[in-house]
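K.L.:
Got a structure here, written out as structure tokens. Questions coming.
The values are calculated or read from the model by the stated rules, or taken from the named source; none is laboratory data. All values reported here derive from a predicted model rather than from experimental measurement. Glycine also receives a Cβ, built like all others from the backbone with ideal geometry; neighbour counts cover every protein chain displayed. Side chains included, ligands, DNA and RNA excluded: accessible areas come from the protein's heavy atoms. Shrake-Rupley method; radii C 1.70, N 1.55, O 1.52, S 1.80 Å.
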Amino acid sequence: MKDILETLNEAQMDAATCVDGPILILAGAGSGKTKTITSRLAYLVSLGIDPASTLTLTFTNKAASEMRERAMALIEGNNYPPLLCTFHKFGLLFLKFHIDKIGRKNSFVVIDTDDKKRIIKSFNTSTELSTGMIASEISRYKTSLIDPKTAWEKAEQKSYQIIAKIYEQYENYIQSNNLVDFDDLLVLPYKILEENEALCKATSERYKYIMVDEYQDTNELQYKLLKKLCSTHENLCVVGDDDQSIYGWRGANIKNILEFHESFDNVKIVKLEKNYRSTNQILKAANDLIEHNRGRIGKILESTKGDGPAIEVMDSHDENQEAQAIAKRIKKVIQSGVSPKDIAVLYRINALSRSLEEGLNKEKIPYNMVGGVKFYERTEVKDLISYLRIIANPNDDFSIKRVINRPKRGLGKVTIDKIIKSSYENKLSIYEYISQNTPELEVEASKKAIIALREFVKNVANMQEIQQNSTHDMIDAIEEAFGIRDYYAHQPDALERISNIDEFYGLFRDYVKQHPEMGVDDFLNELALQSDQDQIDSENISIMSIHASKGLEFDHLYVIGLEEGFFPLIGDGSDIEEERRLGYVAITRAKKELTLSFSGSRFYKGRRTELTKSRFLKEAGVCEGSLILEKTTSFRKGDLIKHKIFGMGRVSEVSKVGREFKLQINFGGTKRDILASFVEKI
């Protein structure tokens with residue numbers, strides 16, 4: 001126990017040794033959050049608490065893997081590792097045991113965003129609605145626990161009626177094909193716990209000590225799921241930083257952390273303010289910037305590193321000059337002996353990467369774009385995954401449609417459409433239909449195509465048989481049976497595609513070697529839980545959006561595009577406080593040297609725009625400039641709101657008072673003037 005705690009500072013020790021009851025660990029950037037969480041977990045186990053009764057939830061596989069390694073290093077002589085995983089991995093494990101409670105089979109396969117969009121596209125006949133928009137709305141419905149019937153009843157506009165109908169078709173499709181999407185990994189466990197009180201109680205009693213990392217990024221559904229898991233106790237320890245809440249646009253609710261003390265009784269709050277990452281200069285800029293936000297609990301980071309170089313501010317004429325200057329500086333830093341993996345460039349808007357990439361290419365600086373086209377979303381890799389899905393579940397129509405003629409089997413689009421239509425009319429899956437030598441098939445396809453389809457069916461059955469004996473042997477047999485590698489050897493960019501195929505086979509072999517007891521469906525489900533940061537190439541410099549940089553750190557950091565309208569984004573729907581939190585996250589990624597860059601103009605969306613430098617540069621105290629204190633509000637006339645004391649009301653007028661917005665609100669006939677930050681929209 002002494003070894004576990006001896007390297008902790010006073011605040012970290014206070015947090016790590018708090019055992020019972022709700023606790024909020026407010027962990028500033030670089031304050032040793034992971035060390036504190038893993039030490040607390042090890043401390044609980046050292047007290048004799050069963051590791052199996054603990055549950056630690058994170059947001060990325062990378063964070064979960066790091067915590068698991070560090071926790072196990074502290075927990076000596078314990079053969080039962082505690083469950084430490086992402087929210088979605090927990091949902092996956094839960095569904096493997098309990099999805100039968102809602103009449104589903106536990107042989108389901110998890111589909112990713114690309115699969116989801118392809119399924120939706122097959123239903124979407126509207127020329128006005130994009131597949132991405134429909135996918136986003138369906139996700140919003142699901143995480144808000146709105147079923148297709150309710151979505152239809154609430155749809156007033158024609159476009160939302162179309163979406164509700166597609167939502168119904170989509171749900172029917174994935175359920176009939178025993179597929180589970182990312183949202184289902186949280187939605188279905190919540191529904192099962194909500195509908196089964198005995199199971200909810202048993203699950204809560206099993207996980208008596210729960211910890212949640214990055215709590216500021218949780219959404220409403222995750223909060224509700226946690227409440228279910230804590231239904232028999234309040235031993236919930238949440239760790240996060242309200243100043244790093246940057247995912248409001250995808251549903252993260254900052255109120256989960258700001259109002260944690262109101263959701264549970266007798267909450268203990270511990271602030272971790274000692275920063276072990278950055279210099280005084282970097283932290284001063286971060287503290288000065290974030291102080292301009294009002295919606296925060298409040299803390300001040302203190303450096304343990306001492307002084308470093310002053311923050312440099314770069315002023316360029318345009319984006320090309322900026323990119324050239326950044327590239328030349330990076331080249332110089334690398335030539336001085338700095339490893340490329342310790343260098344990164346961040347931007348607020350992905351479109352800014354184009355000129356940056358050109359500048360880096362001119363200087364011949366290799367880079368890795370985090371959040372670019374992901375490895376598992378490349379065409380040839382998606383094809384391999386589809387073949388594995390068919391082996392795991394031959395009745396997966398979606399995957400068969402993708403690869404039924406890839407490699408070529410003499411099937412044209414008309415023939416494929418006829419086969420799909422006939423299988424549907426016969427109430428069979430495509431695989432079942434082509435497995436049966438029906439008279440219709442003889443008419444629908446050529447002799448050559450029928451021979452190829454029979455060969456396909458035979459090969460799938462053969463793969464299943466081989467897999468039962470050895471998944472490892474099946475990997476070699478796949479290529480021999482289906483010839484995917486040979487097919488792509490004759491395609492454009494063959495060298496790169498073959499390299500990706502070989503990389504995938506290598507990953508699969510490595511997985512089987514490490515998990516000999518696991519099958520194809522387990523490997524597929526692990527792939528579906530990959531994140532951008534899991535793919536970072538450690539040999540190159542990194543370029544990425546600020547959102548993608550969350551949780552990372554670099555010795556030498558460059559942040560570009562610090563202009564009004566680019567960073568911060570300004571306009572309807574923008575939230576200046578979240579933009580400022582993004583600025584805080586960007587600055588605190590830097591360990592030693594930080595360069596902030598702005599340009600006089602940029603070519604964007606087809607035209608060149610003159611720009612002014614960002615207010616954040618002035619607010620962070622790194623340069624002079626006109627201080628802009630404008631604050632945006634998302635409230636509009638007619639909005640329904642809620643006040644803690646006065647209850648529900650409707651906004652009748654919006655006006656500006658200094659840095660704040662004032663709302664005139666009608667509370668059941670009584671009109672009151674209330675500042676916008678004191679009410680919430682319903």
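K.L.:
Find out how many positive minus negative residues lie around residue 246, taking Lys and Arg as positive, Asp and Glu as negative, among other residues whose Cβ is under 14 Å from that of residue 246. Walk me through the numbers before you get to the answer.
P.N.:
Numbers: positive: 250, 296, 348, 550, 580, 581, 589; negative: 214, 217, 241, 242, 243, 575, 577, 578, 579.
Cβ neighbours under 14 Å give a net charge of -2.
K.L.:
Moving on to the next point. Under a 1.4 angstrom probe, counting protein chains only, how are 227, 364, 154 ranked by accessible area, largest first? If you can, show how the numbers build up before the last one.
P.N.:
Numbers: 227 75, 364 170, 154 140 Å².
I get 364, 154, 227, largest accessible area first.
K.L.:
Another question about this same structure. Relative contact order for segment 134-290: what percent, with Cα pairs under 8 Å and sequence separation of 6 or more? If you can, show how the numbers build up before the last one.
P.N.:
On the way: 131 pairs, mean separation 27.3, N = 157.
17 percent.
K.L.:
Given the C-alpha centroids of segment 89-122 and segment 305-351, what is the distance between them in whole angstrom?
P.N.:
43 Å
K.L.:
I've got another one for you. With a 1.4 Å probe and all protein chains kept in place, how do 578, 680 rank by accessible area, largest first? Don't skip to the answer; put the middle values down first.
P.N.:
Details: 578 25, 680 70 Å².
Largest accessible area first, the list is 680, 578.
K.L.:
Sort 113, 150, 125 from largest to smallest accessible area, using a 1.4 Å probe on the heavy atoms of the protein chains.
P.N.:
Numbers: 113 85, 150 45, 125 130 Å².
Output order, biggest surface exposure first: 125, 113, 150.
K.L.:
To the nearest 10 square angstrom, what accessible area does residue 276 show with a 1.4 Å probe?
P.N.:
Estimated to the nearest 10 Å², residue 276 gives 100 Å².
K.L.:
Over the Cα atoms of the chain, what radius of gyration and what Dmax do you get, in Å?
P.N.:
Considering the chain through its Cα atoms, Rg and Dmax are 27.4, 81 Å.
K.L.:
Right, next: Loop only by DSSP, 15 or fewer other Cβ within 10 Å of the Cβ. Give me the GluC sites (Glu not before Pro) in segment 199-267 that pass, ordered by residue number. Kindly include the intermediate steps, with their values, before the conclusion.
P.N.:
Details: sites: 205, 214, 220, 234, 259, 262; in loops: 214, 234, 259.
Those satisfying the criteria are 259.
K.L.:
Classify segment 408-460 as rounded, prolate or oblate, taking a ≥ b ≥ c as the square roots of the eigenvalues of its Cα gyration tensor: rounded when a/c is under 1.5, otherwise prolate if a/b is larger than b/c and oblate if not. Please report the intermediate quantities before stating the final value.
P.N.:
Working: a/c = 1.58, a/b = 1.17, b/c = 1.36.
Oblate.
K.L.:
Which number comes out as Rg/Rh for segment 456-508 once both Rg and the Kirkwood Rh are worked out on C-alpha atoms?
P.N.:
Details: Rg = 12.2 Å, Rh = 11.8 Å.
On the Cα set of segment 456-508, Rg over Rh gives 1.03.
K.L.:
Continuing with this model, one more query. Beyond 19 Å, how much of the Cα-Cα pair distribution for segment 330-391 remains, as a whole percent? Could the numbers behind the result be given before it?
P.N.:
Working: 957 of 1891 pairs.
Roughly 51 percent, once rounded to a whole number.
K.L.:
Now for a different question. Does segment 146-241 come out rounded, prolate or oblate by the C-alpha gyration tensor, with a ≥ b ≥ c the root eigenvalues, rounded set by a/c under 1.5 and, if not, prolate when a/b is larger than b/c and oblate if not?
P.N.:
Since a/c reaches 1.5 and a/b is larger than b/c, the shape of segment 146-241 is classed as prolate.
K.L.:
On to the next question. Once the other residues with Cβ under 11 Å from the Cβ of residue 588 are scored (Lys, Arg +1; Asp, Glu -1), what is the net sum?
P.N.:
+2
K.L.:
Using only the alpha-carbon atoms of segment 380-515 as identical scatterers, what base-10 log of I(q)/I(0) does the Debye formula give at q = 0.12 Å⁻¹?
P.N.:
-0.49
K.L.:
Now a separate question. Hey, what's the chain come to in accessible area per residue, 1.4 Å probe, Å²? Could the numbers behind the result be given before it?
P.N.:
Values: 31940 Å² over 682 residues.
Solvent-accessible surface per residue comes out at 47 Å².
K.L.:
For the Cα atoms of the chain, what angle does the longest principal axis make with the long axis of helix 379-392, in degrees from 0 to 90, nearest 10?
P.N.:
60 degrees
K.L.:
Rounded to the nearest Å, what's the spacing between the alpha carbon centres of segment 267-288 and segment 1-57? Just the number, please.
P.N.:
19 Å
K.L.:
Given the C-alpha atoms of segment 356-411, compute the convex hull and give its volume per residue in Å³.
P.N.:
Values: hull volume 7.2 nm³, N = 56.
Hull volume over Cα atoms, normalised by residue count, gives 128 Å³.
K.L.:
Rounded to the nearest 10 Å², what accessible area does residue 654 show when all protein chains are kept and the probe is 1.4 Å?
P.N.:
Here the residue's solvent-accessible area equals roughly 60 Å².
K.L.:
Please give me the summed charge of the neighbours of residue 440: other residues whose Cβ is under 14 Å from its Cβ, Lys and Arg +1, Asp and Glu -1.
P.N.:
-2
K.L.:
Something else: Of the accessible area of the chain, with the probe set at 1.4 angstrom, what percent is carbon plus sulfur?
P.N.:
On the way: 15320 of 31940 Å².
Carbon and sulfur atoms account for 48 percent of the accessible area of the chain.
K.L.:
Another question about this same structure. Can you find, among 120, 139, 102, the residue farthest towards the positive end of the dipole of segment 43-146? Put +1 on the C-beta of Lys and Arg, -1 on that of Asp and Glu.
P.N.:
120
K.L.:
Taking the dipole about the Cα centre of segment 151-191, with the C-beta of Lys and Arg at +1 and of Asp and Glu at -1, give me whichever of 151, 175, 188 is farthest to the positive side.
P.N.:
151
K.L.:
When all C-alpha to C-alpha distances in segment 288-329 are sorted into bins of 5 Å, what percent of pairs does each bin hold, rounded to whole numbers?
P.N.:
Going from the shortest bin to the longest, the percentages are 5, 14, 14, 13, 12, 17, 15, 9, 0.
K.L.:
Oh, and also: In segment 1-60, how does Rg compare with the Kirkwood Rh, expressed as the Rg/Rh ratio over alpha carbon atoms? Intermediate results must be reported in sequence, preceding the final value.
P.N.:
Details: Rg = 11.4 Å, Rh = 12.2 Å.
Radius of gyration relative to Kirkwood radius: 0.94.
K.L.:
Tell me the Kirkwood radius of segment 275-363: reciprocal of the mean inverse pair distance over distinct alpha-carbon atoms, in Å.
P.N.:
On the way: mean 1/r = 0.0642 Å⁻¹.
By the Kirkwood definition, the hydrodynamic radius is 15.6 Å.
K.L.:
Quick one: which residues, 5 or more positions from residue 272 or on another chain, have an amide H under 5 Å from its amide H? H modelled 1.01 Å from N in the peptide plane, none for Pro or chain starts.
P.N.:
26, 27, 28
K.L.:
Let me ask something else about it. Using a 1.4 Å probe on the protein heavy atoms only, what accessible surface does residue 67 show? Give it in Å² to the nearest 10.
P.N.:
Solvent-accessible area, nearest 10 Å²: 0 Å².
K.L.:
Under 23 Å from the Cα of residue 299, which lysines turn up, not counting those fewer than eight places away in the same chain?
P.N.:
33, 35, 255, 268, 271, 274, 284, 550, 591, 592, 618, 631
K.L.:
Would you compute, from DSSP H runs of 4+ residues alone, the mean residue ellipticity of the chain at 222 nm, taking -39500 (n - 2.57) per run and dividing by the full residue count, rounded to the nearest 500? If you can, show how the numbers build up before the last one.
P.N.:
Values: 30 runs with 316 residues, N = 682.
My calculation for the chain gives -14000 deg cm²/dmol from helical runs alone.
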